[in-house]
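Written out below as structure tokens is the structure these notes cover.
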Amino acid sequence: MKIRMTPQPHHTIPATLPPANCFTVLVIDDLLPNRVLLRKVLKSAGYAVAEAADGSEALAMLNSGSVTPDLVVTDIEMPVLDGIAFVESLRLLDGPLARIPVIAASGNADEAMREEALHAGADLFLAKPFDLSGLRRRIGALIKESRSAGERETAPLPPAESAPNRVALRLREAG
């Protein structure tokens, strides 16, 4: 039995869309090869990926609402708006955008740069080149941690111990 290939050339076959419940990672890097590599690695792990060439472009995307990522991976050394300034600007935004987890990275990493990135509000600092499987694990852990923290923030508060219990009030009134 001979298996036939589809008669359509590969470029006319529609791309598959990620499932509606997948997480989105925003990759910010001025070097296209770095963005392409991260896109391939993250998409193969099931993430939807948005890309920006610098911090300014990324902030415009976030402010316009065109992307609402679950996590950001940003390079530090970029033209226009570098990764440190991006993280500082992100943390000043209102609402949930300010709490998006950020992984900052650089190929020219040193201890001072790491401290500066973490002080600016990055959740994690990595030196390039990445251990790609380690990066995927860290992304998953940060998203999980962020989601858990968000659920704690939106959960209703338990009633205060000093608040009167309705049953106890009725018993007092009846007795």
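The values are calculated or read from the model by the stated rules, or taken from the named source; none is laboratory data. All values reported here derive from a predicted model rather than from experimental measurement. No Cβ is skipped: glycine too gets one built from the backbone with ideal geometry, and neighbour counts run over all protein chains shown.
In table form, for the structure just shown:
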item: Residues of segment 100-114 satisfying the condition of being modelled with pLDDT under 95 and of a type outside the set (Gly, Ala, Ser); result: ASN108, ASP110, GLU111, MET113, ARG114
item: Qualifying residue in segment 81-104 (condition: assigned to a loop (DSSP other than H, G, I, E, B), out of contact with any helix residue (DSSP H, G or I) (no Cβ under 9 Å at 6 or more places or on another chain) and not acidic (Asp, Glu)); result: no
item: Count of segment 106-120 residues which are surrounded by 18 or more Cβ atoms within 10 Å (Cβ to Cβ) and not in a helix (DSSP H, G or I); result: 1
item: Residue in segment 17-29 that is at pLDDT below 95, farther than 24 Å from SER148 by Cα and exposed (fewer than 11 other Cβ atoms within 10 Å of the Cβ) present; result: yes
item: Residue in segment 48-56 that is in contact with a strand residue (DSSP E or B) (Cβ under 6 Å, 6 or more places away or on another chain), under 21 Å from LEU132 (Cβ atoms) and of a type outside the set (Gly, Ala, Ser) present; result: yes
item: Pair list, Cβ under 6 Å, 6 or more apart: segment 38-64 residue in contact (Cβ under 8 Å) with a residue 60 or more places away in the chain, other residue part of a helix (DSSP H, G or I) and among the charged types (D, E, K, R); result: ALA45/ARG136
item: Some residue of segment 46-59 being of a type in the set (Ser, Thr, Tyr), assigned to a loop (DSSP other than H, G, I, E, B) and buried (at least 20 other Cβ atoms within 10 Å of the Cβ); result: yes
item: Given (1) buried (at least 19 other Cβ atoms within 10 Å of the Cβ); (2) closer than 14 Å to GLU88 by Cα; (3) not β-branched (Val, Ile, Thr), number of the condition PHE125 does not satisfy; result: (2)
item: Residue within segment 131-150 that is at pLDDT below 95, outside any helix (DSSP H, G or I) and touching a Ser or Thr at 6+ places or on another chain (Cβ under 7 Å) present; result: no
item: Residues satisfying the stated conditions in segment 78-98, i.e. over 13 Å from the mean Cα position of the chain (by Cα) and in contact (Cβ under 8 Å) with a residue 40 or more places away in the chain; result: MET78, PRO79, GLY83, PHE86
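Here's the yes/no breakdown for (1) in contact with a Leu (Cβ under 9 Å, 6 or more places away or on another chain); (2) more than 27 Å from ALA149 (Cα to Cα); (3) of a type in the set (Asp, Glu):
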residue: LYS40; (1), (2), (3): no, yes, no
residue: PRO69; (1), (2), (3): yes, no, no
residue: ILE76; (1), (2), (3): no, no, no
residue: ARG91; (1), (2), (3): no, no, no
